[in-house]
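Heads up: the structure comes next, in C-alpha cells.
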Amino acid sequence: MNYSNEIKPAQILNVRSLEELNESFFLQRDNDTAYFSIKKPENNVNRVVFSLQTSDINVGPTIRIVNCINKNKKYAAYQSFVVEPKDKSTGIAIIMMKLDDKKTFYCNVRILPLNTLNDIADKEADSPILTVNLEKANYILKTDITITPSNTGEAMYSTHDVDVNAVSDLITNAEITELKRELEFQGAKLIAHYTQEILDIIMNENSVTTGNLLPLLSEDYVLQLPGNALKKLLAANVISGNISLEIVGSNVIKDLNRDWTSASAFIEYIL
C-alpha cells in the first residue's frame, strides 16, 4: 500500500489552529454583483462573495459557495467552494465536501492553475448560487482527502486519487513526481489538519438533513451560521485552496503567471 493511502493523525501539534488564526482574520461579505444572473434576478439572493483579510499582510483571498458540474454531471451530494488567492486571480481552487454515513468525510480539491473564475462560471445557470463548469478549464489537478474518526475520537486522514498528469506538458517527469509527492504528503497533511477542525459544524448540519442527494452544507445553512462558525468554515476552505495553489504555483506555474504568489504569501503568514 502507498503510504499516502494509510490512515494517519490529521492534527499537527506544532501548527496553529483555526481557533488561533480566526483571531487575526476579518471576514467581509458582499453581494457578488459580478456574477449576478441578468435573466433571473431572483436567483441572486444567495450569490455572495467573502474575502478573508488580515491586519498584518495585504492579501485578501476570496471564497464563494458554488454548484460544481463537469460534462453535464452535477455533484449534487457535495457542497463546493471556489477559492481565489486574490480577486480575479489566474489560478483558482475548488473544494468539494461530502459526508457519508456520518463517519467518512471527503474533502476533494480541484486545482485550476491557469484559469480565472470567469473562465468557468455560468452565471445564467438556473441556480440560487453560482454554477461553475469544470469542463471549461484548461488544466485540472486533483487530490482527494478522506477524514474519519478513530476509536478514540481522534481525526485520522488518508490521501487518494492524486492526479497531476494534466500538466505533464508543462514540466519534466521528475517535476511531475515531485509535484504529486508534495500534494500527497505536505499539502494533504496541512489540509487535513485544518479541515478536521470544522467537523463539528459539518456533523451538526448532517443531523438535520435528509436524503442522500442533498448537499452536505446547504447554502442556506452556511449563510445563516453564527459569525465565528462561518469564519471557521470558510477559513478552512480558503487555507486548503491556497495550500494547493501554492504547491502547484511553485512547482509548475512559476513565471507563467505570478498570481499564485498571493497564495504563497497567505500560507507563509498562517504557518
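Do we have any residue at all in the range 92-110 that's open to solvent by 10 Å² or more (accessible area, probe 1.4 Å), in a loop (DSSP other than H, G, I, E, B) and touching a residue at least 60 places away in the same chain (Cβ under 8 Å)? Yes, the range 92-110 contains at least one residue that is open to solvent by 10 Å² or more (accessible area, probe 1.4 Å), in a loop (DSSP other than H, G, I, E, B) and touching a residue at least 60 places away in the same chain (Cβ under 8 Å).
Of the residues that make up the range 189-204, is at least one among the basic types (Lys, Arg), over 14 Å from the mean Cα position of the chain (by Cα), assigned to a helix (DSSP H, G or I) and modelled with pLDDT of 90 or more? Yes, some residue in the range 189-204 is among the basic types (Lys, Arg), over 14 Å from the mean Cα position of the chain (by Cα), assigned to a helix (DSSP H, G or I) and modelled with pLDDT of 90 or more. Sub-7 Å Cβ pairs linking a first residue in the range 52-66 that is under 16 Å from Ile270 (Cβ atoms) to a second residue that is in a loop (DSSP other than H, G, I, E, B) and hydroxyl-bearing (Ser, Thr, Tyr), at least 6 apart or interchain, are Thr54/Ser24; Ser55/Ser24; Asp56/Ser24, ordered by first then second residue.
Would you confirm whether any residue within the range 243-251 is closer than 30 Å to Asn46 by Cα, touching a Phe, Trp or Tyr at 6+ places or on another chain (Cβ under 6 Å), at pLDDT 95 or above and open to solvent by less than 60 Å² (accessible area, probe 1.4 Å)?
Among the residues of the range 243-251, at least one is closer than 30 Å to Asn46 by Cα, touching a Phe, Trp or Tyr at 6+ places or on another chain (Cβ under 6 Å), at pLDDT 95 or above and open to solvent by less than 60 Å² (accessible area, probe 1.4 Å), which makes the answer yes.
Restricting attention to the range 164-185, does a residue exist that is assigned to a strand (DSSP E or B), more than 30 Å from Ser17 (Cβ to Cβ) and of a type outside the set (Ser, Thr, Tyr)? No, there is no match, as no residue in the range 164-185 is assigned to a strand (DSSP E or B), more than 30 Å from Ser17 (Cβ to Cβ) and of a type outside the set (Ser, Thr, Tyr).
Of all residues in the range 29-65, those satisfying the criterion of being closer than 18 Å to Asp122 by Cβ, open to solvent by 20 Å² or more (accessible area, probe 1.4 Å) and touching a Leu at 6+ places or on another chain (Cβ under 8 Å) are Tyr35, Asn46. Screening Phe26 on (1) within 25 Å of Thr159 (Cβ to Cβ); (2) open to solvent by 50 Å² or more (accessible area, probe 1.4 Å); (3) more than 13 Å from the chain's Cα centre (by Cα); (4) of a type in the set (Phe, Trp, Tyr) shows it passes everything except condition (1).
Of the strands (runs of 3 or more DSSP E) lying entirely inside the range 24-75, those containing at least 2 residues that are among the aromatic types (Phe, Trp, Tyr) span 25-31.
The values are calculated or read from the model by the stated rules, or taken from the named source; none is laboratory data. As the structure is a prediction and not an experimental result, all values here were calculated from the model. Virtual Cβ from ideal backbone geometry, glycine too; neighbours counted across all protein chains shown. What goes into the accessible areas is simple: the full protein's heavy atoms, side chains included, and nothing from ligands, DNA or RNA. Shrake-Rupley method; radii C 1.70, N 1.55, O 1.52, S 1.80 Å.
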